[in-house]
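Quick notes on the structure that follows.
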Amino acid sequence: MKTVIRLLLVASLLLVGGCSGSGSAAGDSARPKVIKLWVAPNETQEEFWKIAVDRWNKSGLGLPVTFTTIPATGSSEKAILTALVSGNAPDISTNIFAGFAAQLADLGQLQELSAMAGYWKLIAARHMGRIIQGWDQGGKKYVFPIYVNPTMIWWRSDILAKLGLKTVPRTFDDVYALSRKYAALDHKYGMQVIAGKNWQDRWFDFISFYYATAAGAPYIKDGKAVYDNAAGRSVVIFLNKMFRQGWTAADFDSDDPLVTGLVAGAVRGPWDIAYFRKIYPDILKKIVIGPMIANHKTEGKTFTFADTKGLVIFKSSRVKKQAFAFISWVFSNDDLSLLWLRKTGLPPARGDLMTNPLFRAFYRSHPLDRQYADYVDVAVPPAFIESTIDVQKTMGIDMIEPIEFGIKTPEAALTDAVRRTNQLLEVRQ
Amino acid sequence: MTLKSGHLTEAHIGAALAILYLLFNLLFWVYPFLWLAILSFSDWRFFGTPSFSGLKNIYIILEDREFWGSLWNVIRFLGFYLPMVLAGSLAFAFGLQHIGRGKVFIALSFLLANVSSGVAYSLVFTKIFSSTGPLNMFLLDWFGVTIPWLSSPSMAMFSIALVVTWKFVGYYGLILYSGLMAIPTEIYDAAKLDNPPPLTRLFRLTLPMINSQLILVLIFAVTVAFGIFTEPYMMTGGGPLESTNMPLLVMYETAFSRLQPGRAALMAIIIAVASYLAIVVIRKTLEKDVGSA
């Protein structure tokens with residue numbers, strides 16, 4: 001028996017030794033000699049960071065930076081969470097959306113950026129005063145937004161011409177008129193109004209339409225859902241009419257409906273420009289970009305949703321100051337902002353995209369990208385709340401789907417969704 | 001237990017071999033299970049030290065309509081899945097019996113579905129079953145109708161069960177085929193004396209003789225139902241109207257999206273107990289000792 005116990009002990013020690021991290025090596029207490037950066041697992045963004053990091057390291061202005069893409073097998077959030085829990089988090093991570101940032105900040109995992117020296121100077125240099133307002137958590141800023149993707153509507157110009165339309169639809173009534181004509185053709189739909197089945201898809205349907213109609217007013221205010229108002233009602237009535245009339249389908253999962261011409265229009269982000277340029281260049285030539293549709297025509301630009309992500313410094317980092325110095329250098333450098341734009345096509349989170357000569361020159365030769373940049377200042381980010389996923393799941397389950405299947409009136413669906421969301425938010429508080 | 005004159009006894013070798021297995025179980029089964037039990041009664045959000053929360057997680061889960069709805073969805077899934085997969089596997093097994101050449105090739109072809117990537121085939125089926133997908137376009141062109149395979153609360157679970165059946169029919173079929181091969185031909189020869197009709201022979205002779213294989217397949221099917229994740233996650237996201245929301249989806253979101261691992265741990269225990277009870281009921285009610293019959 002003693003032999004068995006000895007063998008067990010030896011094996012356990014070997015296992016424990018093997019499982020323990022390498023952090024106990026000599027010099028563990030010494031300050032790290034590099035800044036670890038994780039970037040979005042995206043080819044174009046990786047290209048940008050490769051150049052930016054290389055320039056920083058050559059400049060000798062601070063601690064060298066090493067970067068890798070977020071080792072995400074499923075989602076970036078899970079990879080970052082796992083790294084934080086296991087003590088292997090980097091110093092800086094990009095690809096952070098508002099809801100996840102709110103969760104991490106609530107758990108005390110993020111460094112408050114607005115408390116760091118030079119933060120407000122950086123915000124001023126990039127004219128980000130308005131943009132940063134949407135990233136507020138209790139008066140503090142934990143995330144530095146990198147890009148702002150306004151949602152816009154892509155229309156097939158050839159289809160609009162075939163239907164005798166000279167301008168893109170701007171209102172729900174315009175979409176009804178277009179759909180009536182287009183649906184009369186064989187198995188066609190006016191517009192894709194529901195982006196998909198997952199909680200994220202609400203950003204690209206209900207929330208986009210809501211912001212457009214409500215002139216950017218929030219759907220969650222002071223910890224309560226407030227979208228059961230006139231704007232919310234007009235959006236659900238629009239969705240209901242599109243489904244009841246058969247002017248849209250429950251899903252378009254098979255092929256891109258804009259490519260096949262199954263729909264005349266759909267909500268799209270700027271990332272699709274590069275994608276279409278590569279895969280469907282002929283279709284891209286037929287695309288005209290219009291503003292988000294709303295209940296009524298608005299004076300000036302129509303508000304829309306901002307698909308925006310940023311970077312954070314983790315509280316566990318032992319080189320926070322050095323990490324922020326690196327961030328400040330990258331984002332105060334206009335040339336790097338232009339490089340970002342050239343590489344990714346995503347509008348940098350800056351308030352001077354249409355006034356800075358550097359960007360204006362780029363946009364002159366990129367008219368489609370310019371349309372997006374033009375709407376950055378009226379693109380509103382999602383609510384900065386911890387319960388993003390549940391709030392948007394409720395929108396889907398209690399509002400969008402009952403409307404889709406015609407089992408609730410649009411008004412009842414809206415009321416139910418808001419009531420359930422408030423119950424949920426109340427429990428969380 | 002001591003070493004005798006420097007030679008290893010059989011007992012020592014046995015113990016040494018068993019230790020690896022024991023260690024594996026300690027590390028990957030006992031330790032996580034204990035941690036799961038501790039978490040179930042703790043308030044913890046991945047950071048800091050878990051604090052004892054008494055029955056709080058139980059109260060919250062008792063009122064969690066999403067979780068209990070997902071358990072009801074397991075029963076709905078089984079309602080579609082069991083008849084389809086049992087009929088399909090039996091048909092496959094009987095068919096394989098009558099194939100002469102190419103038997104191995106056909107068996108492997110069916111097994112391919114079982115080893116395919118869940119994510120890959122879920123994407124393919126999502127496209128096929130789309131309301132504007134090729135299947136519906138074909139139905140519309142030829143018959144003037146479309147079927148809301150994934151977009152109707154009543155059809156979505158059936159469609160997922162269909163895909164999972166496609167995945168497992170070859171695997172289960174081979175298990176049943178092995179049972180059919182083991183039935184002594186003398187029994188059929190004896191039965192011929194009474195000249196029973198084919199259905200009587202099937203229900204009174206063949207199926208009882210492969211009872212143990214059928215029970216095994218049933219148990220596998222039940223564990224699949226409780227553990228299904230990839231197909232609903234990829235094809236429907238648990239919808240529409242939560243009609244395909246399965247327990248593992250709820251558990252995953254609770255742990256990693258809502259950052260409530262304590263509640264997710266308790267859900268895991270409830271799911272494990274429910275699947276264990278289902279298996280016990282199946283064995284108690286349907287399992288027969290064919291050997292002593």
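The values are calculated or read from the model by the stated rules, or taken from the named source; none is laboratory data. None of the values given here were measured: they were computed from a predicted structure. For neighbour counting, all protein chains shown are included, and Cβ atoms are generated from backbone atoms with ideal geometry for every residue, glycine included.
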Pairing a residue in the range B:273-288 that is within 17 Å of B:Leu207 (Cα to Cα) with any residue that is among the aromatic types (Phe, Trp, Tyr), where Cβ atoms lie under 9 Å and the two sit 6 or more apart in sequence or on different chains, gives none
May I ask you to verify whether B:Leu140 is in a helix (DSSP H, G or I) and in contact with a Ser or Thr (Cβ under 6 Å, 6 or more places away or on another chain)?
-> yes
If a residue has to be under 23 Å from the mean Cα position of the chain (by Cα) and within 13 Å of chain B (Cβ to nearest Cβ) to count, how many in the range A:256-284 make the cut?
-> 4
Based on what the data block shows, is B:Leu249 surrounded by 18 or more Cβ atoms within 10 Å (Cβ to Cβ), within 14 Å of another protein chain (Cβ to nearest Cβ), farther than 16 Å from B:Leu162 by Cα and within 16 Å of the chain's Cα centre (by Cα)?
-> yes
Matching residues in the range B:9-57 - criterion: being among the hydrophobic types (A, V, I, L, M, F, W, C), in contact (Cβ under 8 Å) with a residue 24 or more places away in the chain and touching a Ser or Thr at 6+ places or on another chain (Cβ under 8 Å) = B:Phe41, B:Trp44
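Residue by residue, here is whether (1) within 21 Å of the chain's Cα centre (by Cα); (2) over 25 Å from B:Thr254 (Cβ atoms); (3) at pLDDT below 90; (4) buried (at least 17 other Cβ atoms within 10 Å of the Cβ) holds:
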{"residue": "A:Lys33", "(1), (2), (3), (4)": "no, yes, yes, no"}
{"residue": "A:Leu37", "(1), (2), (3), (4)": "yes, yes, no, yes"}
{"residue": "A:Gln45", "(1), (2), (3), (4)": "yes, yes, no, yes"}
{"residue": "A:Arg55", "(1), (2), (3), (4)": "no, yes, no, no"}
{"residue": "A:Glu77", "(1), (2), (3), (4)": "yes, no, yes, yes"}
{"residue": "A:Leu84", "(1), (2), (3), (4)": "no, no, no, yes"}
{"residue": "A:Ile96", "(1), (2), (3), (4)": "yes, no, no, yes"}
{"residue": "A:Ala101", "(1), (2), (3), (4)": "yes, no, no, yes"}
{"residue": "A:Leu104", "(1), (2), (3), (4)": "yes, no, no, yes"}
Criterion (touching a helix residue (DSSP H, G or I) at 6+ places or on another chain (Cβ under 8 Å) and either among the aromatic types (Phe, Trp, Tyr) or touching a residue at least 40 places away in the same chain (Cβ under 8 Å) (or both)) met by exactly one of B:Ala191, B:Ala255, B:Ala221 | B:Ala221
List the helices (runs of 4 or more DSSP H) that sit entirely inside the range B:18-128 and contain at least 3 residues that are within 14 Å of another protein chain (Cβ to nearest Cβ).
-> B:31-40, B:56-62, B:65-97
Which of (1) assigned by TED's automatic domain parsing to the domain that holds B:Arg263; (2) among the hydrophobic types (A, V, I, L, M, F, W, C); (3) within 30 Å of B:Gly237 (Cβ to Cβ) is the odd one out, the single condition B:Phe105 does not satisfy?
-> (3)
Here are some residues: A:Val312, A:Val267. Which one is in a strand (DSSP E or B) and outside the structural domain of A:Leu84 (by TED's automatic domain parsing)?
-> A:Val267
Select from the range B:210-236 the residues that are of a type outside the set (A, V, I, L, M, F, W, C) and surrounded by 20 or more Cβ atoms within 10 Å (Cβ to Cβ) and write down the one among them that is farthest from A:Asp251 (Cα to Cα).
-> B:Gln213
Boolean, A:Leu358 is in contact with a helix residue (DSSP H, G or I) (Cβ under 8 Å, 6 or more places away or on another chain) and assigned to a helix (DSSP H, G or I) | yes
Report, by residue number, each residue of the range A:395-409 that is away from chain B (no Cβ under 11 Å) and touching a Lys or Arg at 6+ places or on another chain (Cβ under 7 Å).
-> A:Met395, A:Gly406
Being part of a helix (DSSP H, G or I) and away from every other protein chain (no Cβ under 14 Å) is the filter here, so list the residues in the range A:99-130 that pass it.
-> A:Leu113, A:Ser114, A:Ala115, A:Tyr119, A:Trp120, A:Lys121, A:Leu122, A:Ile123, A:Ala124, A:Ala125, A:Gly129, A:Arg130
Kindly indicate which of A:Lys309, A:Lys315 is crowded, with 19+ Cβ neighbours inside 10 Å, basic (Lys, Arg) and over 18 Å from A:Trp56 (Cα atoms).
-> A:Lys309
What are the residues in the range B:95-118 that are surrounded by 13 or more Cβ atoms within 10 Å (Cβ to Cβ) and among the hydrophobic types (A, V, I, L, M, F, W, C), if any?
-> B:Leu96, B:Ile106, B:Ala107, B:Phe110, B:Leu111, B:Ala113
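Residue-wise test of (1) more than 14 Å from chain A (Cβ to nearest Cβ); (2) under 29 Å from B:Val115 (Cβ atoms); (3) buried (at least 17 other Cβ atoms within 10 Å of the Cβ).
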| residue | (1), (2), (3) |
| --- | --- |
| B:Leu135 | no, yes, yes |
| B:Gly144 | no, no, no |
| B:Leu150 | no, yes, yes |
| B:Met157 | yes, yes, yes |
| B:Trp166 | yes, yes, yes |
| B:Val169 | yes, yes, yes |
| B:Leu176 | yes, yes, yes |
| B:Gly179 | yes, yes, yes |
